[in-house]
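These notes are about the structure you will find just below.
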Amino acid sequence: MPAPRSAPRPLRDIAVVAFAQTDHRRTSDELSEVEMLMPVLHRVLAQTGLRTSDIGFTCSGSTDYLAGRAFSFTMALDGVGAWPPISESHVEMDGAWALYEAWTKLLTGDVDTALVYAYGKSSPGSVRDVLTRQLDPYYVAPLWPDSVALAALQAQALIDAGDTDEPALAAVATRSRASATGNSHAQLRGSVPRGEHAVRPLRTGDCPPIGDGAAAVILAAGERARELCERPAWIRGIDHRIEAHGLGVRDLTDSPSARLAAERAGAFERPVDTAELHAPFTSQEVVLRKALRLGEGVDVNPSGGALAANPIMAAGLIRIGEAAARIGRGDSDRALAHATSGPCLQQNLVAVLEGDPR
Amino acid sequence: MPEVLKAPLVVEFPFTRSLGPVQSAFLTGLRERVVLGVRTVDGRTLVPPVEYDPVTSEELSELVEVAGTGTVTTWAWNHESRRGQPLDRPFAWVLVRLDGADTGLLHALDAPGGPDSVHTGMRVRVRWAGERSGAITDIACFEPHDDGIAELTGSDGRFENPVTGIVAPARLDYTYSPGRAQSAYIHALAERRVVGERCPSCRKVYVPPRGACPTCGVATSERVEVGPRGTVTTYCIVNIKAKNLDIEVPYVYAHIALDGADLALHGRIGGIPYDQVRMGLRVEPVWSDGGGHPDHYRPTGEPDADYETYKELL
């Protein structure tokens with residue numbers, strides 16, 4: 001019997017009902033992580049009128065390597081108000097994966113609401129070097145290839161394949177930062193020079209800004225979502241897939257994991273009007289547009305995307321939040337949100353969000 | 001607003017990692033100037049070789065030698081070498097498909113001709129490191145090469161004294177800043193004062209303050225000086241001498257509730273034999289020169305505190 005072509009409908013209707021984020025800045029050294037995060041938690045709760053004690057499940061995404069501060073996520077939990085003990089979990093991943101865990105928890109029917117948050121302070125360290133520590137420790141990490149270098153290898157492969165060229169990459173950067181002029185939280189807005197080559201073929205303008213920031217989302221199921229939000233952004237499907245860790249094993253000009261995640265999330269069943277892509281480097285948008293089959297009619301990264309603000313560990317969750325907020329405002333009816341992790345788009349998450357018919 | 005405190009922080013660790021049989025053969029081979037791949041069930045040769053097939057997850061074991069020459073499949077010009085990278089001058093990062101392999105190996109290409117001398121499809125060969133230990137860095141880098149395919153050594157992948165592990169040093173440098181609440185706490189310590197923060201909701205005073213009340217989830221902002229005297233709420237006797245610490249064992253490490261604080265902090269107890277320390281003992285700080293936390297706490301001579309006064313702070 002042939003497999004059904006469409007993705008299965010989730011067991012429960014679950015929606016993003018609130019989203020908040022910090023202004024993303026190059027440095028926030030006057031604030032600890034919890035001090036940076038707390039106002040965002042308060043804002044997202046205020047949007048729904050919920051209090052911590054009303055939340056069924058809390059899940060966060062962060063990494064101690066960024067700020068070099070051990071167990072920082074336990075300190076961040078102070079900002080939630082975790083006493084008496086709450087049902088809580090943490091992933092050492094972008095907050096988009098924390099949202100995935102919260103979504104599965106809601107699917108079980110045990111809880112009706114979830115708080116998801118993520119934060120990253122890149123300013124205390126050197127993020128290009130920090131990210132080398134996620135690589136294969138036997139064959140790759142001892143060479144210390146930094147995140148820009150690996151993205152540049154992918155960009156050159158795309159240029160060699162005829163998929164893009166330096167002017168086309170510059171156009172991605174220009175469009176993203178022009179879109180970000182409408183986003184008061186963005187770190188890089190408006191006219192940003194292409195700059196010198198950082199690691200050729202990538203110029204500084206092809207790279208994301210380095211900065212600190214946090215974001216939070218509230219999920220709710222069924223009628224609870226309608227009570228908390230005028231126009232919930234229903235998660236019609238969400239899936240994540242990963243590719244081999246060996247860079248030389250992969251076709252860097254393609255993203256089969258993003259395509260499969262999108263298929264499993266039902267992204268190809270009907271066109272989307274908006275896509276929020278987590279593409280920290282201009283060249284990665286080229287890969288994702290192809291893998292996710294985004295046509296010219298799709299509004300890609302109206303927020304400016306990760307090229308305008310890339311708080312590591314939060315930037316993927318922000319894509320889901322931005323897509324949901326756009327649905328909430330009535331600017332979108334069906335949006336795709338994407339998050340990535342690992343070098344050269346190794347791991348990808350895709351969510352499809354929809355608003356109720358108007 | 002007081003000055004933002006900052007201090008250098010180095011996180012350094014020598015990771016000791018054991019190797020699987022395929023990784024061991026590959027890295028031992030590099031020590032012997034031999035490059036090995038591993039054959040997958042569908043007949044592809046993976047270099048660098050892995051223990052499990054990245055597509056089917058089958059365990060792999062068939063080692064095959066490949067040449068020390070190959071072709072660049074993609075590259076990126078590194079204008080400025082960073083710490084730990086294979087070369088200390090500008091170089092190209094490359095993925096190289098060695099002759100006989102079906103996948104790419106990541107490494108550096110030494111290209112004295114600069115970025116305009118590098119292109120995808122160019123031929124390169126391994127430049128071996130002078131001293132080799134069984135590590136990926138036994139390949140010093142690649143270099144341009146126009147003379148065809150290097151001959152194989154005929155290795156069967158078995159070597160004397162195979163390497164079974166690697167030590168991979170990792171170091172990351174940070175500039176640490178403690179944030180608003182802890183900066184104020186540290187500034188006060190420099191004046192030999194202990195300053196906590198009160199929760200506006202539950203009124204508890206946290207020392208040291210972390211900026212948020214973990215019960216209420218709100219910012220603490222009202223500064224409250226506590227102590228200097230306090231009560232030992234609980235303690236332990238330390239019999240293990242810490243490295244680089246000039247304190248004789250046994251000594252007592254205690255939780256101390258400073259007067260006015262709703263959270264005990266911890267410190268060493270001195271000025272009293274270790275076996276006479278008890279719950280309820282009243283103590284005061286002994287400050288050391290140069291700021292920072294008290295060196296230790298010593299008995300005040302007051303009568304012991306009543307259990308009822310500190311039972312909530314245990």
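Okay, here's what the table says:
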read-out	value
Contacts under 8 angstrom Cβ, first residue in region A:6-27 being over 27 Å from A:Val40 (Cβ atoms) and touching a residue at least 12 places away in the same chain (Cβ under 8 Å), partner in a loop (DSSP other than H, G, I, E, B) and acidic (Asp, Glu), 6 or more apart	A:Ser6/A:Glu269; A:Ala7/A:Glu269
Index of the failed condition, B:Ala257 passing every other in (1) buried (at least 19 other Cβ atoms within 10 Å of the Cβ); (2) small (Gly, Ala, Ser); (3) under 27 Å from B:Lys6 (Cα atoms)	(3)
All positions within region A:143-166 that are assigned to a helix (DSSP H, G or I), of a type outside the set (S, T, N, Q), crowded, with 23+ Cβ neighbours inside 10 Å and in contact with a Ser or Thr (Cβ under 7 Å, 6 or more places away or on another chain)	A:Ala151, A:Leu153, A:Ala155, A:Ala157, A:Leu158
Among the candidates B:Arg17, B:Arg44, residue that is closer than 25 Å to B:Leu95 by Cβ, more than 9 Å from chain A (Cβ to nearest Cβ) and among the charged types (D, E, K, R)	B:Arg44
Condition check for B:Trp77: in a strand (DSSP E or B), aromatic (Phe, Trp, Tyr), within 12 Å of another protein chain (Cβ to nearest Cβ) and without any contact (Cβ under 8 Å) to a residue 40 or more places away in the chain	no
Residues satisfying the stated conditions in region B:3-20, i.e. loosely packed, with under 10 Cβ neighbours inside 10 Å and farther than 22 Å from B:Val167 by Cα	B:Glu3, B:Pro8
Residue satisfying condition, being closer than 22 Å to B:Arg210 by Cβ and small (Gly, Ala, Ser), within set B:Ala261, B:Ala305, B:Ala242	B:Ala261
Of all residues making up region B:116-142, the number that are of a type in the set (Ser, Thr, Tyr), more than 9 Å from chain A (Cβ to nearest Cβ) and more than 26 Å from the chain's Cα centre (by Cα)	1
Residues satisfying the stated conditions in region B:33-43, i.e. touching a residue at least 40 places away in the same chain (Cβ under 8 Å), of a type outside the set (Gly, Ala, Ser) and buried (at least 17 other Cβ atoms within 10 Å of the Cβ)	B:Val34, B:Val35, B:Leu36
Count of region B:84-94 residues which are at negative phi, part of a loop (DSSP other than H, G, I, E, B) and either of a type in the set (A, V, I, L, M) or within 7 Å of another protein chain (Cβ to nearest Cβ) (or both)	3
Residue in region A:272-330 that is nearest to the chain's Cα centre (by Cα), counting only those that are among the acidic types (Asp, Glu) and in a loop (DSSP other than H, G, I, E, B)	A:Asp273
Sole residue being away from chain A (no Cβ under 11 Å), at pLDDT 95 or above, over 27 Å from B:Asp42 (Cβ atoms) and part of a loop (DSSP other than H, G, I, E, B), chosen from B:Gly100, B:Gly113, B:Gly148	B:Gly113
Within region A:83-133, tally of residues that are in a helix (DSSP H, G or I), in contact with a Phe, Trp or Tyr (Cβ under 8 Å, 6 or more places away or on another chain) and without any contact (Cβ under 8 Å) to a residue 60 or more places away in the chain	3
Residue in region B:168-180 that is more than 10 Å from chain A (Cβ to nearest Cβ) and in contact (Cβ under 8 Å) with a residue 12 or more places away in the chain present	no
Answer residue from region B:208-230, given it is within 14 Å of chain A (Cβ to nearest Cβ) and among the aliphatic types (A, V, I, L, M) and is surrounded by the most Cβ atoms within 10 Å (Cβ to Cβ) among those	B:Ala212
Test: A:Asp136 is more than 9 Å from every other protein chain (Cβ to nearest Cβ), outside any helix (DSSP H, G or I) and within 30 Å of B:Gly104 (Cα to Cα)	no
Residue in region A:27-38 that is away from chain B (no Cβ under 12 Å) and either crowded, with 22+ Cβ neighbours inside 10 Å or assigned to a loop (DSSP other than H, G, I, E, B) (or both) present	no
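Residue-by-condition table, conditions (1) part of a loop (DSSP other than H, G, I, E, B); (2) farther than 24 Å from A:Pro311 by Cβ; (3) more than 14 Å from chain B (Cβ to nearest Cβ); (4) out of contact with any helix residue (DSSP H, G or I) (no Cβ under 8 Å at 6 or more places or on another chain):
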site: A:Ala168; (1), (2), (3), (4): no, yes, yes, no
site: A:Ala171; (1), (2), (3), (4): no, yes, yes, yes
site: A:Ser176; (1), (2), (3), (4): no, no, yes, no
site: A:Val192; (1), (2), (3), (4): yes, no, yes, no
site: A:Ala198; (1), (2), (3), (4): no, no, no, no
site: A:Ala214; (1), (2), (3), (4): no, no, no, no
site: A:Gly237; (1), (2), (3), (4): no, yes, yes, no
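The values are calculated or read from the model by the stated rules, or taken from the named source; none is laboratory data. This structure is a prediction, so every number in the text was calculated from the model and none was measured. Reconstructed Cβ throughout: ideal geometry from the backbone, glycine too, with neighbour counts over all protein chains shown.
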